[in-house]
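See structure below.
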Amino acid sequence: MLGHLRLLFDNFTLTLLAVVVAATLLPARGQGALFFEGVTAAAIALLFFMHGARLSRRAIIDGATHWRLHLLVFGCTFMLFPLLGLALRPVLLPLLGEPLYLGVLFLCLLPGTVQSAIAFTSLAGGNVPAAVCSASASSLLGILLTPVLVGLLLQVQVDRAAGATLEAIGAISLQLLLPFVSGHLLRPRIGHWVDRRRALLARVDQGSILLVVYTAFSASVVEGLWNAVSPARLALLTAVCCLLLALVLLLTAWLGRRLGFNREDRITIVFGGSKKSMATGVPMAKVLFAGSMLGPALLPLMIFHQIQLMACAVLARRYARRGEGVRTAG
């Protein structure tokens, strides 16, 4: 059986599926959840520290000034997703009911992820400096823009969201940007050591993804991922999330090719423009929605988040294998 699975999936994908099963059967709770959250935060900080030490100043400047790529990622995150959510309303509203449809639309209005977008971009061989700049800016912009979009499209009161903005910006800076800047400042001392250990960086990439999947999926299971709606409605919602992700992955890949971006930039666009952040979405939902609205608002995000992690992990490995094949042929 294991041999047949290996023909379909690589070792990392099988490990990822095992982590999902483990989180479903043995989710982290209480002190265990706090422990894994701390380990995950440390792994993400180490990942960003090593990327900061690995990237040259020129590469970072080039990534920050790659305005065409950033505009496309922002457009996919804050325009393409909402337009798809609105366009699918005639189908999704009768299929899911109004509460879950509003949850899907809320999902479409959220900013993209930071750590997983960068980790997948690195794993796939994409433009990491541009991914760091684009994902970080998207997350910070979303803290301000998402409540406005929610107020316009969902008619939800957003006044209370303003108080969380500075806190969210501080958390992003502390967890992601500070390790990255620290690693880059130490590049003259440790840059050569990091450059010689690309395999270690790849393991940190993969390890951080596995930890994010376990902690996120555990939290979803503990919050009642499998009990909030009927099995039939849950299956429909899962299919909708799969369809939404597939549409965005196809459109981001097509737009990257159509607009003439190179392979590394196209990878960054796919992983930067197709994701939605549960780390940002859960606190926002708790501020924007009250009482019985909170569960339906969060359930589509919890499901979509797990699907995007698993699908993009497989996609990143395929990009990486293709890149290795191109380098070997060259």
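The values are calculated or read from the model by the stated rules, or taken from the named source; none is laboratory data. Predicted model only: the values in this text are computed from it and were never measured. Cβ sites come from the backbone with ideal geometry, for glycine too, and all protein chains shown count toward neighbours. Just the protein is used for accessible areas: all its heavy atoms, side chains included, with ligands, DNA and RNA removed. Shrake-Rupley method; radii C 1.70, N 1.55, O 1.52, S 1.80 Å.
In the set (1) open to solvent by 30 Å² or more (accessible area, probe 1.4 Å); (2) under 21 Å from Ser139 (Cβ atoms); (3) not aliphatic (A, V, I, L, M), the condition left unmet by Pro94 is number (2). Of all the residues in the range 210-242, those that are polar (S, T, N, Q) and surrounded by fewer than 21 Cβ atoms within 10 Å (Cβ to Cβ) number 3.
Determine, yes or no, whether Gly112 is at pLDDT below 85 and within 15 Å of the chain's Cα centre (by Cα).
Details: at pLDDT below 85: no; within 15 Å of the chain's Cα centre (by Cα): yes.
No.
Taking each residue of the range 70-87 that is under 17 Å from Ala137 (Cβ atoms) and looking for partners that are not in a helix (DSSP H, G or I) with beta-carbon atoms closer than 6 Å, six or more apart or interchain, yields Thr77/Gly112.
Please enumerate the residues belonging to the range 187-209 that are open to solvent by less than 70 Å² (accessible area, probe 1.4 Å) and charged (D, E, K, R).
So in the range 187-209, the residues open to solvent by less than 70 Å² (accessible area, probe 1.4 Å) come out as 187, 190-191, 194-195, 199-202, 204-209.
Once the filter is applied, which keeps residues that are open to solvent by less than 70 Å² (accessible area, probe 1.4 Å) and charged (D, E, K, R), the range 187-209 yields Arg187, Asp195, Asp205.
For (1) acidic (Asp, Glu); (2) open to solvent by 40 Å² or more (accessible area, probe 1.4 Å); (3) modelled with pLDDT under 70, each residue gets a yes or a no:
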| position | (1), (2), (3) |
| --- | --- |
| Leu25 | no, yes, no |
| Arg29 | no, yes, no |
| Ala45 | no, no, no |
| Ala64 | no, yes, yes |
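Going by what's in this entry, would Leu71 be described as open to solvent by 20 Å² or more (accessible area, probe 1.4 Å), aliphatic (A, V, I, L, M) and closer than 24 Å to Cys133 by Cα? Yes, satisfied. Only a single criterion out of (1) at pLDDT 80 or above; (2) under 18 Å from the mean Cα position of the chain (by Cα) is not satisfied by Arg187, namely (2).
Results for (1) of a type in the set (Phe, Trp, Tyr); (2) more than 30 Å from Leu234 (Cα to Cα); (3) touching a residue at least 40 places away in the same chain (Cβ under 8 Å), shown as yes or no for each residue.
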| position | (1), (2), (3) |
| --- | --- |
| Tyr101 | yes, no, no |
| Leu107 | no, no, yes |
| Val114 | no, no, yes |
| Ala119 | no, no, yes |
| Leu123 | no, yes, yes |
| Asn127 | no, yes, yes |
| Cys133 | no, yes, yes |
| Ser138 | no, no, yes |
| Leu141 | no, yes, yes |
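From the list Leu259, Leu250, Leu245, the lone residue that is in contact (Cβ under 8 Å) with a residue 60 or more places away in the chain, out of contact with any Leu (no Cβ under 6 Å at 6 or more places or on another chain) and within 21 Å of Ala87 (Cβ to Cβ) is Leu245. Per this entry, Ala53 is not counted among residues that are of a type in the set (Gly, Ala, Ser) and free of Cβ contacts under 8 Å to residues at least 40 places away in the same chain.
Condition first: part of a helix (DSSP H, G or I) and open to solvent by 20 Å² or more (accessible area, probe 1.4 Å). Now tell me which residues in the range 254-279 satisfy that.
So in the range 254-279, the residues part of a helix (DSSP H, G or I) come out as 254-258, 263-273, 278-279.
Selection gives Trp254, Leu255, Arg257, Arg258, Arg263, Glu264, Arg266, Met278, Ala279.
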